[in-house]
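Visitor: Below is a structure I'd like to ask you about.
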Amino acid sequence: MLAMHLDLDGQIFQIFSFFSFLCLSHLFQFAFVLYSPIYWDTYILLQMLFFSLLCLSLFDVVVPSAPRPTLGVVIENEELKIVNLPYEAELLAWGGYNDTIHTDGWSYLAIYSNKSSSNVLQARAAGFVEGALTHQRIWEFATNHGNDYDWSPKLRSYIETNNKWIKDQITRAASTTGTKDSMYWEQVSLLLEQQEGLYLGYNKYATSGQAISQELMLSLSMHSDMDTLCPLFGGCGSVSVSESESETNSLAVKNVPPSAPNRLKDHCSVIVKLVPNKKELYTAHTTWTGFEDMTRIFKMYELPYSFSSTSDTTDFKTTIPGSRIAFSSYPGNLFSTDDWYTLSSGLVVTETTIDNHNTTLWKHVVPTGTVLTWIRTMVANRLATNGPNWADTFSKYNSGTYNNEFHVVDYNLFQKHNQNLEKIHKKKHQTNTTTTTATTTLSTLPSNVLTIIDQMPGHIEIMDMTSRLNQNGYWSSYNRPGLPNTYAIANYTATVKEYGNHYSHQYSSRGQLFQLLHSTIVDEAHLKMVMRFNQFNNTNISNEITNQMCANGPSASNAISERGDLTPLSSNCGNDVTQQDEGGIDMKYTTAQLMKGEGLSAVAQSGPTYDDQPVFVWSTSPFVNTSHVGQPDRWEFPYVAVDW
């Protein structure tokens with residue numbers, strides 16, 4: 001029997017009768033409407049059908065309990081101290097943590113800070129309590145990455161010079177309170193305070209013998225930027241650009257372009273999908289990365305920092321727009337890395353990585369005048385109120401590291417659009433008049449519902465791509481620049497000509513798959529199917545898709561959700577799609593319904609896809625000897641509804 005399990009404070013309840021009655025009653029109403037011409041109304045019919053399917057789909061989703069705050073932070077003798085809750089005195093910050101990785105593939109962290117405390121104390125205390133709560137998983141995650149974070153002398157020089165330049169800007173901007181410049185640099189400073197608190201909290205409460213250096217802790221948050229910095233400057237257990245350029249490929253197909261230094265060759269799939277009736281907008285993301293990264297934490301930060309704003313007549317304090325941020329992440333990371341964020345400002349932010357194939361651009365990766373991508377992303381998340389605003393904030397001080405195609409979906413605009421449509425429909429029914437022109441106009445989404453930002457070293461391109469949603473019903477992204485200037489500047493045209501369609505935006509495997517499958521997404525169930533899609537061994541799918549970059553057979557990397565562990569060595573594939581320690585390790589999505597009222601909710605599934613492929617099991621994997629301390633052996637987990 002199908003059941004939904006609700007986990008509340010460690011107890012499992014099976015909910016059958018209520019949802020069964022609710023769903024059956026709505027199915028009965030749907031049948032009644034269907035066969036009763038008197039009550040026939042297309043709008044009601046669609047609503048009934050949607051809710052009936054929603055009821056049925058709920059049975060496949062687990063609802064984990066929200067983390068109950070258990071630890072708080074106070075100052076004692078001018079030092080931060082962890083206290084157990086409840087606690088009588090005023091707290092600087094507090095947090096809760098549920099570790100259910102072995103149950104549903106995720107752990108859950110909620111961090112809160114006290115608005116009456118200074119911004120600096122809120123930030124440092126928030127990091128401190130996170131370090132104390134998650135110290136064991138931080139140690140495991142760092143252990144699984146071995147020497148990935150060893151700094152070479154050149155890399156150390158870059159990081160130290162960059163840190164000094166940033167601190168100089170923070171000091172300079174502190175004297176200009178109320179300006180956009182001072183707001184920006186204050187948020188940068190608060191992230192560094194939170195980072196310091198994380199380091200202190202971890203080492204204060206870590207198990208004996210598991211202390212880690214400040215350098216390593218910083219490397220965890222810089223995790224994605226390091227994918228660019230390490231090959232450029234050496235260290236981190238990766239090859240340098242010069243070494244990668246000398247690689248040769250003995251296979252019958254050509255190798256990945258040597259000009260792309262990223263250690264992870266591909267990273268993520270995204271779709272923004274307007275459903276056919278245009279009353280719902282889905283945003284979904286699948287993370288591609290190494291299987292050792294599957295120590296997952298879904299985080300929620302509620303940090304009500306205030307900032308000074310200056311008007312013509314007065315100065316006033318207000319709370320930052322993105323004071324509440326929920327995101328999929330990893331131990332020791334203060335940003336998502338995936339990236340996936342739902343924000344209290346009503347924005348959803350996500351991305352896919354795009355490689356640089358133009359070696360002349362690397363000269364723009366310099367330590368002065370730049371801020372690393374992980375910091376710029378979180379600053380934009382906290383300060384932005386709309387897509388263009390987010391893009392403008394993020395674009396400042398481009399580091400040219402962790403180059404991505406970001407997507408900012410403005411659900412405020414979409415909700416307002418829907419409300420206007422409903423008013424038109426209501427007026428039509430009340431007056432029995434024709435409102436075709438108004439309805440047609442409002443059926444078109446307004447500008448800036450979808451903002452796209454492409455980054456390359458020395459280059460930022462920003463475009464409003466809402467028109468693509470209006471025209472095609474979707475926007476998809478899969479590690480190929482979707483904006484024309486970036487595609488040209490990063491040398492993709494020449495790369496496709498030399499290496500084939502694997503690097504094409506339109507004709508890459510995922511480009512073709514999204515074109516074929518997006519029209520099937522009419523509800524959340526089909527959204528899940530598409531974002532977890534991997535039928536690389538389905539002979540009914542064109543070889544141009546499944547066998548791309550391979551000489552003798554298909555690759556399990558030629559899918560929307562990669563399974564690099566399953567690619568047969570006999571397929572004789574190029575390095576980018578050969579058997580490898582990389583896969584689509586999750587799927588997350590949200591909807592306009594879930595984002596209502598500053599909602600931060602999402603539905604997610606952890607682990608490699610097993611819809612059409614075997615479940616990933618470490619003990620039988622080709623990468624069984626890859627360090628995966630603390631992880632489950634078998635990754636067969638349900639979808640979870642993450643709500644804060």
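Visitor: How large is the accessible surface of Trp635 in square angstrom, using a 1.4 angstrom probe and rounding to the nearest 10?
Guide: We get 0 Å² for Trp635.
Visitor: Also, I was wondering about something else. Would you mind working out the accessible area per residue for region 563-623, using a 1.4 Å probe, and quoting it in Å²? List each step's numbers first, then the result.
Guide: Numbers: 1790 Å² over 61 residues.
Ligands and nucleic acids excluded, the result is 29 Å² per residue.
Visitor: Calculate what fraction, in whole %, of the accessible area of region 579-634 sits on carbon and sulfur atoms when a 1.4 Å probe is rolled over the protein chains.
Guide: 47 percent
Visitor: Rg (Å, one decimal) plus Dmax (Å, integer) for the alpha carbons of region 75-127?
Guide: Spelled out, the Cα radius of gyration and Dmax of region 75-127 are 13.4, 41 Å.
Visitor: Quick one: net charge of Asp464's neighbours, Cβ under 15 Å, K/R +1, D/E -1?
Guide: -4
Visitor: A follow-up question, please. How do the peptides 448-457, 76-85 rank, highest first, by the average count of neighbouring beta carbon atoms within 10 Å per residue?
Guide: Averaged packing, sorted descending, gives the order 448-457, 76-85.
Visitor: Calculate the radius of gyration of the Cα atoms of region 587-644 to one decimal place, then report Dmax, the largest Cα-Cα distance, as a whole number, both in Å.
Guide: 15.2, 46
Visitor: While we're looking at this one, here's another question. Taking every pair of alpha-carbon atoms in region 277-413, what share in percent sits in each 5 Å bin, from 0 to the bin with the longest distance?
Guide: Result, from short to long distances: 2, 9, 17, 19, 19, 15, 10, 5, 3, 1, 0, 0 percent.
Visitor: When Lys and Arg each count +1 and Asp and Glu each count -1, what net charge do the other residues less than 13 Å away from Leu155, Cβ to Cβ, add up to? Walk me through the numbers on the way to the answer.
Guide: Values: positive: Lys154, Arg156; negative: Asp148, Asp150, Glu160, Glu215, Asp225, Asp227.
It works out to a net charge of -4.
Visitor: Given a 1.4 angstrom probe, I'd like the percentage of the accessible area of region 72-159 that is carbon and sulfur, rounded to a whole number.
Guide: 48 percent
Visitor: I need the P(r) histogram for region 348-417: all alpha carbon pairs, bin width 5 Å from 0 out to the longest distance, whole percents.
Guide: Each 5 Å bin holds this share of Cα pairs: 3, 15, 24, 23, 16, 10, 5, 3, 1.
Visitor: Further, regarding this structure: Sequence neighbours fewer than 8 away in the same chain don't count; with that in mind, list the aspartates and glutamates whose C-alpha is under 19 Å from Lys279.
Guide: Within reach: Asp41, Asp410, Glu422, Asp523, Glu524, Glu598.
Visitor: In Å, the Kirkwood hydrodynamic radius of region 64-180 over pairs of distinct alpha carbons?
Guide: 17.2 Å
Visitor: Grab every C-alpha pair in region 457-611, bin the distances at 5 angstrom width from 0 up to the longest one, and report whole percents.
Guide: 2, 8, 15, 18, 19, 17, 12, 6, 2, 1, 0
Visitor: Among Leu155, Leu133, what's the order by accessible area (1.4 angstrom probe), most exposed first?
Guide: These residues rank, largest area first, as Leu133, Leu155.
The values are calculated or read from the model by the stated rules, or taken from the named source; none is laboratory data. Keep in mind the model is a prediction, meaning the values are calculated, not measured. All Cβ positions, even for glycine, are placed from backbone atoms using ideal geometry, and neighbour counts span all protein chains on display. For the accessible areas, the whole protein counts, side chains as well, though only heavy atoms, and no ligand, DNA or RNA atoms are used. Shrake-Rupley method; radii C 1.70, N 1.55, O 1.52, S 1.80 Å.
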